[in-house]
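Notes follow the structure.
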Amino acid sequence: MNTKTTLSVLLFCLCLASSVGFAQDAPENKPPKAKTAHKLGLSLNLGTTPGIDLAYAISPKITTRLGFSYFKYNVNSTTTTSDEEVKLAGDVDMAMAGLSFEYHPFKKSSFKLFGGASYI
């Protein structure tokens, strides 16, 4: 028997054994247990104000978010318009930190109530 055939037979036996084992784990009269694990998420925002958000699901209906955004832009240029020289200069330096909460009152709906506060 070559290596590919041996590996195929071994994988087939493992799949067969695992399917038989899982079929006998839960009795038919008991419903499966619901998972109550808390979920943590991280998002990176690459829009006009780049930033990062950390979300934590407190419960299946309530989620909290902590976010930070930072934007810095400097412009110093000169252009000529209608035979006149125009100088453009400006600086934007903005940072924002925010805390928000989401409440999902219905299980099978995307409707949610959202509220929070930000410090700019």
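The values are calculated or read from the model by the stated rules, or taken from the named source; none is laboratory data. Remember, predicted model here, so these are calculated numbers, not experimental data. All Cβ positions, glycine included, derive from the backbone under ideal geometry; neighbour counts span all protein chains shown. Keep in mind that these areas ignore ligands, DNA and RNA; they rest on the heavy atoms of the full protein, side chains included. Shrake-Rupley method; radii C 1.70, N 1.55, O 1.52, S 1.80 Å.
Are there any pairs, at least 6 apart or on different chains, whose C-beta atoms fall under 6 Å, with the first in the stretch 59-71 and closer than 18 Å to Leu42 by Cβ and the second at pLDDT below 90 and exposed (fewer than 14 other Cβ atoms within 10 Å of the Cβ), and if so, which?
Cβ pairs passing all conditions: Ser69/Thr49.
Just the residues that are open to solvent by 100 Å² or more (accessible area, probe 1.4 Å), part of a strand (DSSP E or B) and out of contact with any Leu (no Cβ under 8 Å at 6 or more places or on another chain), please, taken from the stretch 43-67. Walk me through it before giving the result.
Of the stretch 43-67, the ones open to solvent by 100 Å² or more (accessible area, probe 1.4 Å) are 44, 46, 48, 60, 66.
Then drop every residue that is not part of a strand (DSSP E or B), which leaves 44, 66.
Within the stretch 43-67, Leu44 is the sole residue that qualifies.
Just a yes or no: is a residue in the stretch 99-107 farther than 22 Å from Thr49 by Cβ, of a type in the set (A, V, I, L, M) and touching a strand residue (DSSP E or B) at 6+ places or on another chain (Cβ under 9 Å)?
Scanning the stretch 99-107, I find no residue that is farther than 22 Å from Thr49 by Cβ, of a type in the set (A, V, I, L, M) and touching a strand residue (DSSP E or B) at 6+ places or on another chain (Cβ under 9 Å), so the answer is no.
Open to solvent by less than 80 Å² (accessible area, probe 1.4 Å) and modelled with pLDDT under 85: does that describe Val20? Step through it out loud before you land on a result.
On the way: open to solvent by less than 80 Å² (accessible area, probe 1.4 Å): yes; modelled with pLDDT under 85: yes.
Spelling it out, Val20 is indeed open to solvent by less than 80 Å² (accessible area, probe 1.4 Å) and modelled with pLDDT under 85.
Name the single residue, out of those in the stretch 89-120 being assigned to a strand (DSSP E or B) and more than 26 Å from Leu46 (Cβ to Cβ), that is farthest from the chain's Cα centre (by Cα). Walk me through it before giving the result.
If we filter the stretch 89-120 for residues that are assigned to a strand (DSSP E or B), which is where we start, we get 89-103, 113-119.
Now narrow it down to the ones that are more than 26 Å from Leu46 (Cβ to Cβ): 89, 103, 113.
Values: Ala89: 37, Tyr103: 17, Leu113: 18 Å.
Step by step, filter the stretch 89-120, then rank; the result is Ala89.
Quick one: what pairs do we get from the stretch 96-120, first residue within 18 Å of Lys39 (Cβ to Cβ), second part of a strand (DSSP E or B) and charged (D, E, K, R), C-beta under 7 Å, 6+ apart or different chains?
From residues that are within 18 Å of Lys39 (Cβ to Cβ), the pairs are Ser100/Arg65; Lys112/Glu102; Phe114/Glu102.
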